[in-house]
Amino acid sequence: MPDVNTTTKDKKPEEKDAKGASEAKEEKPIPQHLPWRSIADLEPRFTHRVLRSLTALRKRLDDKILRDAIEENYPSATSDPVPEVEIYLRLLLIHHLHTSKENYVKSIDLCKETVNKIQSLNRRSMDPIAARIWFAVERSYELGGALADARPMFLAAQRTASLRHDDDTQASLINRLLRSYLHYSLYDQADKLVSKTTFPTSASNPQFARYHYFLGRIKAVQLNYTAAHMNLQQAIRRAPPAKTAPGFYQAVHKLFVVVEHPVLQKALRAYFDIPVRTGSLSEFQVTLTKHAAQFEADKTYTLIVRLRQNVIKTGIRRLSLSYSRISLRDICLKLHLDSEEDAEYIVGKAIRDGVIEGRIVHEKGWMECEGRKNGYGPEVSEVFGRRIGYCLELHNQSVKAMRYPLNAHRKELAAAEGAREREKELAKEIQEGELDDDEGMGDF
């Protein structure tokens with residue numbers, strides 16, 4: 001920024017000048033001094049601190065802030081800042097150009113120029129900023145409708161980053177390529193890229209979240225729901241909070257819900273195969289034997305064994321509806337019970353519990369079931385009368401609710417209290433002699 005001449009009249013003490021300069025420095029919205037400190041002190045943490053504030057800074061950018069930052073770092077035509085500061089300012093300019101459709105072409109041109117400058121400088125201290133540059137490049141080409149044109153550039157840069165062991169740039173470029181492939185539904189190419197590359201283990205959590213999300217989409221299309229479910233879980237765990245990245249949060253949870261349903265069906269298939277409603281004890285034994293290992297692993301084997309009584313009760317209910325009289329021997333054969341004594345005990349318990357209506361004839365060894373009701377008789381008419389009474393009562397309550405709205409009585413109470421207050425005032429005036437007994441009493 002150009003120097004401003006101050007007169008002796010406005011001159012302050014040196015302490016106040018230093019304090020004012022420090023305050024002005026703290027109020028700067030763009031912390032471009034931190035990349036310079038990262039180079040001077042050989043501390044990359046300053047650069048990472050700047051990049052962490054980039055998301056919040058993008059929302060505050062305007063022409064004035066960018067102009068002031070450029071004028072401060074380029075006070076004259078001959079003096080240039082360190083390359084890291086220049087690339088960082090270029091990154092801010094690219095994001096600022098994304099705010100209007102008219103500048104999409106300019107942002108693409110600026111991206112090409114910035115990439116060429118990064119590749120020509122070849123500085124390792126610039127790697128964290130270069131990783132963010134590639135995201136801005138992808139965004140510019142995507143907004144300009146030419147995302148496929150940037151793919152060769154991404155592939156070449158990814159090969160260079162892998163040879164230089166630049167983990168930040170490599171992780172960013174792998175995600176850029178996967179996004180480009182999935183944008184055009186090129187799932188085979190995306191799967192080949194995943195199989196041929198190794199995602200850096202030192203990548204940041206946001207990059208890991210994107211990578212697992214893309215893997216989840218690929219596995220879901222390949223109908224590998226178990227792997228997709230695991231990758232989407234990792235994406236949710238590593239993703240930033242919903243307030244910071246609401247779009248990614250919604251996208252990953254939508255896909256997670258879609259993938260989770262087939263996974264649950266596969267995991268619970270053994271439980272769905274249990275024939276509780278059919279009442280077939282033989283099928284129940286076959287299912288129990290088939291999936292015994294899974295039930296024991298889930299610690300539910302004891303609970304499943306107890307379902308045997310429910311299966312038998314269902315079978316007895318079906319027999320009682322089909323037969324008016326059936327021998328205990330036939331019940332034992334149809335339900336695959338061990339003996340007639342077991343059948344007699346189970347039938348007796350079902351009658352006592354109200355599962356079926358009937359009785360056991362011990363002398364003849366059979367069970368007599370009461371026939372189905374024909375739909376007529378005093379019991380049916382009584383039930384029908386109760387239903388009609390309930391409907392009439394519901395109708396009356398509805399009519400009352402329409403005639404007398406809720407809290408309507410409060411208005412009447414308020415009117416009565418007002419009349420009572422007026423009566424007290426009139427009585428007080430009569431006692432004081434201001435009114436006669438018959439004057440003004442027409443309302444009462």
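Some values worked out for this structure:
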{"quantity": "Any hit, segment 122-131, residues being assigned to a helix (DSSP H, G or I) and acidic (Asp, Glu)", "calculated": "yes"}
{"quantity": "Near pairs, Cβ below 7 angstrom, 6+ apart or cross-chain, from segment 345-363 (within 12 Å of LEU328 (Cα to Cα)) to any residue that is open to solvent by less than 20 Å² (accessible area, probe 1.4 Å)", "calculated": "ILE346/ILE312; ILE346/ILE316; VAL347/ILE316; VAL347/ILE331; VAL347/MET367; ILE360/VAL347; ILE360/MET367"}
{"quantity": "Top-ranked residue in segment 259-275 [being open to solvent by 100 Å² or more (accessible area, probe 1.4 Å) and farther than 30 Å from ASP342 by Cβ; ranked as modelled with the highest pLDDT]", "calculated": "ARG269"}
{"quantity": "Residues of segment 346-364 satisfying the condition of being out of contact with any helix residue (DSSP H, G or I) (no Cβ under 8 Å at 6 or more places or on another chain) and surrounded by 13 or more Cβ atoms within 10 Å (Cβ to Cβ)", "calculated": "GLY348, LYS349, ILE351, VAL361"}
{"quantity": "One residue from VAL105, VAL82 being touching a residue at least 12 places away in the same chain (Cβ under 8 Å), open to solvent by 40 Å² or more (accessible area, probe 1.4 Å) and aliphatic (A, V, I, L, M)", "calculated": "VAL105"}
{"quantity": "Selection count where residues are assigned to a helix (DSSP H, G or I) and either of a type outside the set (Phe, Trp, Tyr) or surrounded by fewer than 20 Cβ atoms within 10 Å (Cβ to Cβ) (or both), scope segment 136-146", "calculated": "7"}
{"quantity": "Close pairs from segment 161-174: first under 12 Å from PHE208 (Cβ atoms), partner of a type in the set (Phe, Trp, Tyr) and open to solvent by 40 Å² or more (accessible area, probe 1.4 Å), Cβ under 9 Å, at least 6 apart", "calculated": "SER172/PHE135"}
{"quantity": "Residues being surrounded by 18 or more Cβ atoms within 10 Å (Cβ to Cβ) and in a loop (DSSP other than H, G, I, E, B) - total across segment 276-300", "calculated": "3"}
{"quantity": "Qualifying residue in segment 162-179 (condition: basic (Lys, Arg) and modelled with pLDDT under 90)", "calculated": "yes"}
{"quantity": "Tally, over segment 216-241, of residues that are aliphatic (A, V, I, L, M), open to solvent by 20 Å² or more (accessible area, probe 1.4 Å), in a helix (DSSP H, G or I) and under 21 Å from THR201 (Cα atoms)", "calculated": "3"}
{"quantity": "Unmet criterion (only one of (1) open to solvent by 60 Å² or more (accessible area, probe 1.4 Å); (2) without any contact (Cβ under 8 Å) to a residue 12 or more places away in the chain; (3) not aromatic (Phe, Trp, Tyr)) for GLU340", "calculated": "(2)"}
{"quantity": "Considering residues of segment 426-444 that are part of a helix (DSSP H, G or I) and surrounded by fewer than 10 Cβ atoms within 10 Å (Cβ to Cβ) only, the residue modelled with the highest pLDDT", "calculated": "GLN431"}
{"quantity": "Answer from LEU307, LEU319, LEU337 - the residue that is within 30 Å of GLU368 (Cβ to Cβ) and either of a type in the set (Asp, Glu) or not in a helix (DSSP H, G or I) (or both)", "calculated": "LEU337"}
{"quantity": "Condition check for SER327: open to solvent by 20 Å² or more (accessible area, probe 1.4 Å) and in contact with a strand residue (DSSP E or B) (Cβ under 8 Å, 6 or more places away or on another chain)", "calculated": "yes"}
{"quantity": "Residues within segment 155-179 that are surrounded by 23 or more Cβ atoms within 10 Å (Cβ to Cβ) and of a type in the set (Gly, Ala, Ser), tallied", "calculated": "4"}
{"quantity": "Within segment 336-355, tally of residues that are closer than 12 Å to SER320 by Cβ and not small (Gly, Ala, Ser)", "calculated": "3"}
{"quantity": "Set HIS183, HIS212: member being closer than 23 Å to ALA136 by Cβ and at pLDDT 90 or above", "calculated": "HIS212"}
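The values are calculated or read from the model by the stated rules, or taken from the named source; none is laboratory data. The model shown is predicted, which means the values in this text are computed figures rather than measured ones. Using ideal geometry, Cβ is built from the backbone for each residue, glycine included, and neighbour counts are taken over all protein chains shown. To get the accessible areas, we keep the full protein, side chains included, count just its heavy atoms, and leave off ligands, DNA and RNA. Shrake-Rupley method; radii C 1.70, N 1.55, O 1.52, S 1.80 Å.
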